[in-house]
1. Restricting attention to region A:564-638, which chymotrypsin sites (Phe, Trp or Tyr not before Pro) occupy a DSSP loop and are surrounded by at most 14 other Cβ atoms within 10 Å?
2. Calculate, for A:Phe540 and A:Glu138, the FRET efficiency according to 1/(1 + (r/R0)^6) with r their C-beta to C-beta distance and R0 45 Å; round to the nearest 0.05.
3. As a test of understanding, state the convex hull volume per residue of region A:447-584 from its alpha carbons, in Å³.
4. Once the principal axes of the Cα atoms of chain A are found, what is the range along each, listed largest first in whole angstroms?
5. Mind checking B:14-24 for the average number of partner chain beta-carbons within 10 Å of each residue's beta-carbon?
6. Hull surface divided by four, with the convex hull built on the Cα atoms of region B:2-84: how many nm²?
7. Taking a ≥ b ≥ c as the square roots of the Cα gyration tensor eigenvalues, with a/c under 1.5 meaning rounded and otherwise prolate when a/b beats b/c, else oblate, which class fits region A:84-190?
8. How many angstrom lie between the Cα centre of region A:162-211 and the Cα centre of region A:568-644?
Amino acid sequence: MNIALIVLLPLLGSVLPALMIRSGRNSCVASAAVPSFLAFSLLLTHVPAVFYFGTTPKVSWPWLASIGLHVEFWVDGLGLLFATLILGIGLLILIYARSYLAAEDPMGNFYCYLLIFQAAMVGIVLSDNVILLMMFWELTSLSSFLLIGFWSHLPAGRQGARMALTVTGGGGLALLAGVLLLGQVADTYRISEIITRRELIQSSEWYPTILMLILVGCFTKSAQFPFHFWLPRAMAAPTPVSAYLHSATMVKAGLFLLARLWPVLQNDHLWFYSVASIGLLTMLIGAIIALFQDDLKGLLAYSTISHLGLITMLLGFATPVAVSAAVFHIINHATFKAALFMNAGIVDHEAGTRDLKRLGGLMWLMPVTALIAMVAAFSMAGLPPLNGYLSKEMMLEEASHTKWMDSKQVIPTLVTIAAVFSVAYSFRYVFGVFAGRVRHDYPHHPHDPPPGLWWPPTLLIVFVIAIGLRPDIVAESLVKSVTAAVIQDQAPDIHLKLWHGWTPAVTMSGIAVGGGVVLCLMYLLLRKVWDILPRPDAKFLFDALVAALTRGCQLINDFVHNGSQQRYIFMTIATTIALAGWAFASYPWALGERPQNPITAPLIVGWILVIGSTMLVVINYRNRLYALIALGVVGLFSSIGFVYVSGIDLALTQVSVEVVTIILMLLTLYFLPKHSQPESLNWVRLRDACLGIAAGIGMGGMSWLMMTRNWSMESIQGYFLANAKSGGGGTNVVNVILVDFRGFDTFGEITVLGCAGLAIFAMLEGLFRGKLLSKLQCWKPDVVKTADRHPILMVVVTRVLLPMAILVGMFIFFRGHNLPGGGFIAALIVSVSLIMQYMASGFGWAANQIRFKYHGLIGGGVLVAAATGIGAMVGDRPFLTSWHDHWHPPKFMGIDFGDIEAASAMAFDLGVFLTVIGAVMLALAQFSKLGTLTADSRVNQTPMDCDPSRSFSSQHHSPKH
Amino acid sequence: MMQLAIYFCYLAVSLALLMNIWRLYIGPNVVDRVMAADTLVINSMVLLILYGIQTKTTLYFESALLLAMFSFISTVAYCRFLMRGDIVE
């Protein structure tokens, strides 16, 4: 359990600094340091188990078994080493950052992101499940993005953060693919088991793909060529971030993964040539570019790239001794590079600039800083008796007897050249900043920094010197155990000492030092050559690539999504035709054998009517009223067709909805032009006609093919026909399905209908205020109006029709369960008769007569339906279980009522009824209100124009509102 | 005998429907088209009743009833639109 705590403590503790910053900067640092320190101590409790007894503690909790993701952690030598580096150096950085950050920097945020990063990094090294490792991997990319862009007001910070996230994120995607393939091939996602299955993985056909994908991921994270360009841009981060992430820990994550998967992925050909070559190339390129940097942090960034290349190359050599050299260099590089970055931060903080052209002679003003810098830089150069020398010696030794494509000279030569440049830039750093004469034009007055800034690097320097002087005591057993953990075998017999005898490595070191001194002396000449050479600028290329990709996406988007309805329909239909046509053409097809129904004359006439009226709509769509009339005819004959195939409920619904639609369209057509202009070109219309014809042929053909075959699946009608009466209590199967068998669906639908009505209301309410209202009030209609507003004939007829229509509606409602009808149709009948009153007597009068709000009807309807369902739950049944019964009432006054059936579905239908009335009336009433606000409207209070029951003189129209 | 009468009625109603749609297509102005649509609905009502008589069931009666009610309402709406523009004033 406490292994998981090591990861969780910094993660959970990351909120503390963000909160504690309110108590001041010291309490912020303390609250950040405490979880980190606790995690570190927990980690150290595992040291005896791992290093002295050789066991590897593990914990595991199941999480998502179906994708192989479990929360599994383990501690082995490699993980322990890396976790110690992360947590230990992290503590030093926490203290360093306290003194480094200015008063106006948001320190709470900084420590929060830093702790999240720390937790994610520790999660990577301690994770035992590759998918869990990927989660932490992406979390480090994300927290690194936040930390690089910490000074978000600087454009360099934002661009550097974006570039880092893009490159490492893209690498993470490749890595995820590689890791998933690895898990599939090895048949497990647990790392401790994967690394025991070398033959299985290497003999698989996926091995090269897995290797390449994992290498892409590791190389992007560890800034190897050609993915190295993001690291110098990331130097826009504050220096503590650069010291922690981009030298000691995050960039080592890629190397960690290479070391972790070394046992299964390494071999003599593919692994060696890819990893070692890239590592060597990176080492060389990084070292050469580092020499010519003017920015201190840029120089250190390129030197980090170079050293990472060195470690990669050593891992690529695929021999145990090389692995131990790599492990040793990881430890050493972390110590001296972090110290150097902190040193660069001190110089920046004190002298006010990081530019080598403006620095020099600081040794006399900042002696302590100069001492730290010299020790660390000489270790970076590889001078004895410091730890950098020891690991560089081991590397040179290994390189001197490694053959590359049968040549024994290539690798040693290139490595020596890289070493020459590394000595050169290290000397340039030290002597460029600290040697020479004191200048008079520093931006600030440099002096030695406060203790918070200089004793963390001093602690690291102590390690540098101690490992350098007595490596056999301090480091040898550690290196051996970690190497054993990496190669999953006995550790090789290595001895870390300063003098191994006169080996080729010593010669190469000597050449390196000599050559480095020469380069330093010739620096000005070399710099002139360098400035003349054309150099590709990575940021420029990256920005150009991103801009080109964005432009391409924008072009596609502007074509498909240009705001025109016709374009959207065109794209949809064209894509559907293409896909369906391709699917159709891939399989053989044949007509079915079901016999056709007989064709009679009325059917032909009906067909002509439907097709004819549709053609009329399509041809005359610009004459809008004509098109609306023809549309009504289409709807009418669709419902006649429904009656012919015995879908009577459907026919009734179709007719009612048709009328409501016509009324709605006429309400809005008042405000629109009655004739529209031709809107597209002739060839466009021809193209769209062909597309429509093709889609119609496809759809009709498919329906024909479906209808003429006997389906292999049974139709659902058998079950419903058999069970409607016994299960639902009614003989109208359609209605029983709607309110009983599929009652939950209907419940959802009336809720949606209610929401739609309310949405229409809300949207139209916006028209009744502000700029739109003033537009509406100035609007004058474009039709010539006749004189009679509310003719008395119409008023009387509709008034008489109202109770009759409501009677018909209730009749349809009550009989719906057994004969065609139901709540929906009844509701539409009642709402249409109500809107007739609006039409006959005007909005002003009718609105006054309605005593209940339509919103309440909608809500009430949904509540009634829900109550019916919940009533079933009260009786310990599932929601919406229906109940039906029938009883025989006694004879009353000689009348025999017969058998009366009752079903709870009627209450549900009542809910549907109320909701539909509410929604339809709300929409129609709101649309009608629009007409009352125009320029020439006068809202009336009387129901008809001239009321014979009142005297002539007392009639008046109320003034315009 | 009844069957013959029904077939004859079908023929007559079909002819009437075709003439209605012809008027819908030709009618020089909107009022003619509204009249054509209204007559169409009445003729289809008759068709439904005939179908009910032929299949000897009363199921289709309510459809015809509703058709009658709704056609009246839609014709009134068209006419108000032509006369006043704003159908609900």
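Every number in this text was worked out from the coordinates using simple rules, so none of it is lab data. Fair warning: this is a prediction, and the values are worked out from it, not measured in the lab. Positions of Cβ are generated from backbone atoms using ideal geometry, with glycine treated the same way; all protein chains shown enter the neighbour counts.
1. Numbers: sites: A:Tyr568, A:Phe570, A:Trp582, A:Phe584, A:Trp589, A:Trp607, A:Tyr621, A:Tyr626, A:Phe637; in loops: A:Trp589, A:Tyr621.
Passing sites in region A:564-638 are A:Trp589, A:Tyr621.
2. Details: r = 28 Å, r/R0 = 0.62.
With a Förster radius of 45 Å, E is 0.95.
3. With only Cα atoms used, region A:447-584 gives 419 Å³ per residue.
4. 126, 66, 61
5. 4
6. Details: hull surface 22.3 nm².
That works out to 5.6 nm².
7. The shape class here is oblate.
8. Comparing the Cα centres of region A:162-211 and region A:568-644, I get a distance of 54 Å.
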